[in-house]
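Undergrad: Submitted below is the structure of interest, expressed as structure tokens.
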Amino acid sequence: MNDHPANPVGTGDGTRAVRAGLPEPVKNEPTLPGPVFAAHFHLPGEVSGPYAYGRDDNPTWTLLESAIGELEAPDREDVRTLVFASGMAAISAVLFSQLRAGDAVVLPSDGYQVLPLVRAQLEAYGIEVRTAPTAGDAQLDALDGARLLWIESPSNPGLDVCDIRRLADAAHARGALVAVDNTLATPLGQRPLELGADFSVASGTKQLTGHGDVLLGYVSGRDGEAMDAVRRWRKIVGAISGPMEAWLAHRSIATLQLRVERQNATALALAGALRDRPEITGLRHPGLPDDPAHPTAARQMRRFGCVLSFTLPSRTHAERFLRALRLVEDATSFGGVRSTAERRGRWGGDPVPEGFVRMSVGAEDPADLIADVLRALDAAAD
Ligand SMILES: *Cc1c(COP(=O)(O)O)cnc(C)c1O
């Protein structure tokens with residue numbers, strides 16, 4: 001993956017991750033400065049300098065924003081990143097700062113489960129919302145006259161993939177901006193800005209921070225004016241990350257390459273171990289060579305994620321399976337170092353079968369995890 005020879009600190013993802021966003025070393029200071037807890041900053045006389053009030057800026061955010069920017073766009077000086085209190089805060093900041101009454105926006109019909117609520121809110125503000133599925137680049141057919149295209153690839157929880165460059169080119173040809181939800185891939189798996197997107201938006205709650213203890217979101221963008229509007233939105237709404245969360249996120253990014261490498265490799269191995277199970281249908285992981293998403297994923301992704309999904313024959317079968325697992329917690333979210341799984345239908349928001357299970361693979365030893373899953377499948381079959 002040494003495809004960035006210009007990067008002065010090293011060209012590998014592991015090197016980049018451990019050094020991301022670190023300031024120039026200062027004698028007798030820590031390598032990663034601690035969280036700065038400040039509602040306001042000392043500001044004598046005229047208003048000048050970056051830090052005045054804690055809702056607008058914070059030095060701990062600044063370092064984290066540099067770190068994320070270095071991962072999302074290693075070669076681009078013009079990319080700016082803004083961190084938010086959660087993934088939804090970041091998503092809302094882009095949608096509600098860029099769209100006006102009378103505009104049209106194209107959303108995925110199979111995206112994150114809060115998008116239908118977002119849709120209702122956009123429509124209440126007089127914005128036309130069109131939807132189409134992620135698979136087959138179906139959003140292409142809804143682009144005419146749209147102001148913004150929202151892509152989620154791979155989609156959560158269906159794990160479908162679309163051709164981001166193709167969709168971005170088509171959207172730009174019609175004058176639309178393009179945002180990609182990059183949560184599932186992480187910037188080590190996919191760099192939407194290099195594929196033509198104007199915004200890469202993500203929940204840092206998932207694999208980016210990876211310990212299941214922080215809510216965070218971010219927007220990286222290369223259009224200065226659009227990013228000014230996103231920043232203004234953050235100031236207006238105040239959906240800001242606490243300094244402690246921002247610092248924990250930065251500390252966690254140091255191990256991102258290790259976690260992603262381990263978790264994604266185990267996810268692929270587990271998917272391989274599940275493909276011969278007769279009770280499983282609809283097994284999906286973009287890294288499986290015969291997955292319908294694989295050809296496109298292999299072109300635009302550098303790593304395929306730690307999430308897989310499959311369907312068991314019934315709701316009760318899936319519940320028995322989840323109860324029988326020892327190493328995998330029955331919990332929502334994904335990307336953490338501890339494996340989780342859930343019957344997605346329990347939320348009621350996703351168009352999935354009752355026996356549909358989304359599993360997030362953690363950093364356990366692959367043999368232990370695979371044995372646990374196979375044992376739980378056997379137990380659930382009785
Ligand atoms: C979790 C998730 C979000 C929302 O992130 P929060 O940090 O929970 O607000 C958005 N998009 C996708 C794809 C997600 O998985």
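The values are calculated or read from the model by the stated rules, or taken from the named source; none is laboratory data. Every value quoted in this text rests on a predicted model; they were computed, and no experiment measured them. So basically every Cβ, Gly included, is an ideal-geometry build from the backbone, and we count neighbours across all protein chains shown. These accessible areas exclude ligands, DNA and RNA; they are computed on the full protein's heavy atoms, side chains included. Shrake-Rupley method; radii C 1.70, N 1.55, O 1.52, S 1.80 Å.
Undergrad: Residues in segment 225-232: is at least one crowded, with 18+ Cβ neighbours inside 10 Å and within 12 Å of the ligand (Cβ to nearest atom)?
TA: No.
Undergrad: If you don't mind, there's one more thing I want to ask. I'd like the residue in segment 239-280 that is of a type in the set (V, I, T) and touching a helix residue (DSSP H, G or I) at 6+ places or on another chain (Cβ under 7 Å) and, out of all such residues, is most open to solvent (accessible area, probe 1.4 Å). So that I can check it myself, show each step before the final result.
TA: Within segment 239-280, the subset of a type in the set (V, I, T) is 240, 253, 255, 260, 266, 280.
Next, only the ones that are touching a helix residue (DSSP H, G or I) at 6+ places or on another chain (Cβ under 7 Å) stay: 240, 253, 266, 280.
On the way: I240: 53, I253: 1, T266: 3, I280: 20 Å².
This residue is I240.
Undergrad: Restricting attention to segment 222-231, does a residue exist that is over 18 Å from A20 (Cα atoms) and without any contact (Cβ under 8 Å) to a residue 24 or more places away in the chain?
TA: From segment 222-231, those over 18 Å from A20 (Cα atoms) are 222-231; that's our starting set.
Add one more test, that the residue is without any contact (Cβ under 8 Å) to a residue 24 or more places away in the chain, and what stays is 225, 228.
Checking segment 222-231: at least one residue is over 18 Å from A20 (Cα atoms) and without any contact (Cβ under 8 Å) to a residue 24 or more places away in the chain.
Undergrad: Could you count how many residues in segment 231-267 are farther than 30 Å from G362 by Cβ and touching a Gly at 6+ places or on another chain (Cβ under 7 Å)?
TA: 0
Undergrad: Only one residue in N28, N58 is open to solvent by 40 Å² or more (accessible area, probe 1.4 Å) and modelled with pLDDT of 95 or more. Which one? Can you show your working first?
TA: Working: N58 fails: open to solvent by 40 Å² or more (accessible area, probe 1.4 Å).
Matching residue, one of N28, N58: N28.
Undergrad: Quick one: would you say T15 is open to solvent by 30 Å² or more (accessible area, probe 1.4 Å) and assigned to a loop (DSSP other than H, G, I, E, B)?
TA: no
Undergrad: Right, something else. Exactly one condition in (1) within 13 Å of the ligand (Cβ to nearest atom); (2) at negative phi; (3) in contact with a Ser or Thr (Cβ under 7 Å, 6 or more places away or on another chain) is not met by G212; state its number.
TA: (2)
Undergrad: I would also like to ask the following. Which one of these is of a type in the set (K, R), more than 14 Å from the ligand (Cβ to nearest atom) and more than 30 Å from G238 (Cβ to Cβ): R165, R191, R147?
TA: Going through R165, R191, R147 in turn, the sole match is R165.
Undergrad: Here is a further query. Given segment 249-345, what helices (runs of 4 or more DSSP H) lie entirely inside it while holding 2 or more residues that are under 19 Å from the mean Cα position of the chain (by Cα)? Before the answer, list the steps.
TA: On the way: elements: 256-274, 294-300, 315-324.
By residue number, 256-274, 294-300.
Undergrad: For D110, state whether it is on the phi > 0 side of the Ramachandran plot, touching a helix residue (DSSP H, G or I) at 6+ places or on another chain (Cβ under 9 Å), open to solvent by 10 Å² or more (accessible area, probe 1.4 Å) and in the same structural domain as E225 (by TED's automatic domain parsing).
TA: No, not satisfied.
Undergrad: Which strands (runs of 3 or more DSSP E) sit wholly inside segment 158-222 and have at least 1 residues that are surrounded by fewer than 24 Cβ atoms within 10 Å (Cβ to Cβ)? Let's see the steps before the verdict.
TA: Values: elements: 177-181, 199-203, 217-221.
Fully inside segment 158-222 and qualifying: 177-181.
Undergrad: Which of the numbered conditions does L117 fail, given that it passes all the others? Conditions: (1) crowded, with 22+ Cβ neighbours inside 10 Å; (2) within 15 Å of the ligand (Cβ to nearest atom).
TA: Going through (1) crowded, with 22+ Cβ neighbours inside 10 Å; (2) within 15 Å of the ligand (Cβ to nearest atom) one by one, L117 breaks only (1).
Undergrad: Right, another one. I'd like to verify a number: residues in segment 62-104 that are within 16 Å of the ligand (Cβ to nearest atom) and either open to solvent by 50 Å² or more (accessible area, probe 1.4 Å) or not in a loop (DSSP other than H, G, I, E, B) (or both), how many? Spell out the reasoning first.
TA: Step one: filter segment 62-104 for residues within 16 Å of the ligand (Cβ to nearest atom), giving 64, 68, 72, 81-96.
Remaining after also requiring either open to solvent by 50 Å² or more (accessible area, probe 1.4 Å) or not in a loop (DSSP other than H, G, I, E, B) (or both): 64, 68, 72, 81-84, 87-96.
The total comes to 17.
Undergrad: Could you identify the single residue in L325, L308, L374 that is surrounded by 21 or more Cβ atoms within 10 Å (Cβ to Cβ) and more than 15 Å from the ligand (Cβ to nearest atom)?
TA: Only one candidate passes the filter, namely L325.
Undergrad: Which count do you get for residues in segment 194-209 that are within 21 Å of A229 (Cα to Cα), among the hydroxyl-bearing types (S, T, Y) and near the ligand (Cβ under 10 Å from one of its atoms)?
TA: Residues in segment 194-209 being within 21 Å of A229 (Cα to Cα), among the hydroxyl-bearing types (S, T, Y) and near the ligand (Cβ under 10 Å from one of its atoms): 1 in total.
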